[in-house]
């Protein structure tokens, strides 16, 4: 999952990409398999670690989150190896290449005016297509996606910014990619009525670059794309609940999710907002109903400790059951979903001002009626020193009300390191006030 700051420049970024015009012509989907697995390679040849023998969820996560892939930074050799592995997986499932020139790959420029920290060069989206079984509906599409890039050896975006170590991104987002492949395998065994586009996005961590590029240069017409399902950080379900964003973007989502969750025995926490710091935002900005499946943040988020050993594989399997059922329901229903526009707070370029001061609380993204629930605090952080605890709900900074994570982000951006702030929190049903001296990020 990308950072809140980078995501906020999306509208201008998407407009810029749209102005660039289409990327080169696409050959037929029946191109030779060897050609389909070769992108428009740039730079020196890359030597990749041997892929795992198994294709199960645990094997996929372990490979993508291995030290040998060096954190899969967009445009890096590790990202390229991961992309080759995913293209081979799509081919193994019998999915058609849907990238450029008869391949599974779509080149994505990474330099970004919205994010000066974005790497130079190009990354690659990995795209495949499953033909729908119904001749009357197979020219309509749903998109199922997950980003496969991460932070490399840290630096920008890392919550351990002074640590030079591989950030393996097992939960963020090897877990989502493993779920994507599992869903693809299930749908390929019994294709739905509509066609399905599967996408492993690059550049999510530096500003949703891969999904923004795709929506400007789609493999299937956006006007015939009926929904987008996004899997980002789905590897820590545990006792749940499974958080689902975007439930307000179509009138039918709640009913579809009721059925899917009941069949899988999974508790859901629903959030109507169609915007957020992940790739579904790029599609909702194009008036496509979206869902984002997410199992919440944790202490290892954007740190070197986000490793494969901490992944809840059985939890991913339960997420897959819910997401596959939802995807199949949309792909098989005779009518398109009923879009609801403008649900939530869209990103704006005026928000793209950096993170501001540092508090050190870890937000719990389970929807709350008011405020921001705290999942934990960083040891030694201003939040820790002020006495904030897991389970607290932050409802105010000084005299400013904190309605949600966006308001809290803006409140921190408006303050500077060294500022003292009175933080109003709900704790066990009572409102109390603690005082924090805000810190410097990365300090």
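The values are calculated or read from the model by the stated rules, or taken from the named source; none is laboratory data. Bear in mind the structure is a predicted one, so any value in this text is a computation, not a measurement. Counting neighbours? That spans all protein chains shown, and the Cβs are built from the backbone with ideal geometry, glycine included.
With respect to being out of contact with any helix residue (DSSP H, G or I) (no Cβ under 8 Å at 6 or more places or on another chain), in the same structural domain as residue 278 (by TED's automatic domain parsing) and either surrounded by fewer than 24 Cβ atoms within 10 Å (Cβ to Cβ) or at pLDDT 95 or above (or both), residue 189 fits the description.
Quick check, is residue 423 at pLDDT 90 or above, closer than 18 Å to residue 375 by Cα and surrounded by 13 or more Cβ atoms within 10 Å (Cβ to Cβ)? So residue 423 passes the test. Where strands (runs of 3 or more DSSP E) sit wholly within the stretch 193-267, those with at least 2 residues that are more than 21 Å from residue 333 (Cβ to Cβ) and in contact with a strand residue (DSSP E or B) (Cβ under 6 Å, 6 or more places away or on another chain) occupy 195-201, 242-245.
If you scan the stretch 120-164, which residues turn out to be under 23 Å from residue 302 (Cβ atoms), touching a helix residue (DSSP H, G or I) at 6+ places or on another chain (Cβ under 9 Å) and surrounded by fewer than 23 Cβ atoms within 10 Å (Cβ to Cβ)? Matches in the stretch 120-164: 156, 157.
Could you grab me the full set of residues in the stretch 268-300 that are under 26 Å from residue 65 (Cα atoms) and outside any loop (DSSP other than H, G, I, E, B)? It would help to see each step written out before you state the result.
Residues of the stretch 268-300 that are under 26 Å from residue 65 (Cα atoms), as a first pass: 276-282, 291-300.
Selection gives 280, 281, 282, 291, 292, 293, 294.
What about residue 128, is it touching a residue at least 24 places away in the same chain (Cβ under 8 Å), assigned to a strand (DSSP E or B) and within 22 Å of residue 289 (Cα to Cα)? Before the answer, list the steps.
Working: touching a residue at least 24 places away in the same chain (Cβ under 8 Å): yes; assigned to a strand (DSSP E or B): yes; within 22 Å of residue 289 (Cα to Cα): yes.
Taking the combined requirement at face value, the residue satisfies it.
Taking (1) touching a helix residue (DSSP H, G or I) at 6+ places or on another chain (Cβ under 9 Å); (2) within 21 Å of residue 295 (Cβ to Cβ) in turn, residue 167 satisfies each apart from (1). When the stretch 369-384 is filtered for residues that are more than 14 Å from residue 357 (Cα to Cα) and surrounded by 16 or more Cβ atoms within 10 Å (Cβ to Cβ), the ones remaining, listed by number, are 371, 372, 373, 374, 375, 376, 377, 378, 384. If you check 257, 268, 231 for being touching a helix residue (DSSP H, G or I) at 6+ places or on another chain (Cβ under 8 Å) and under 22 Å from residue 205 (Cα atoms), only one passes: 231.
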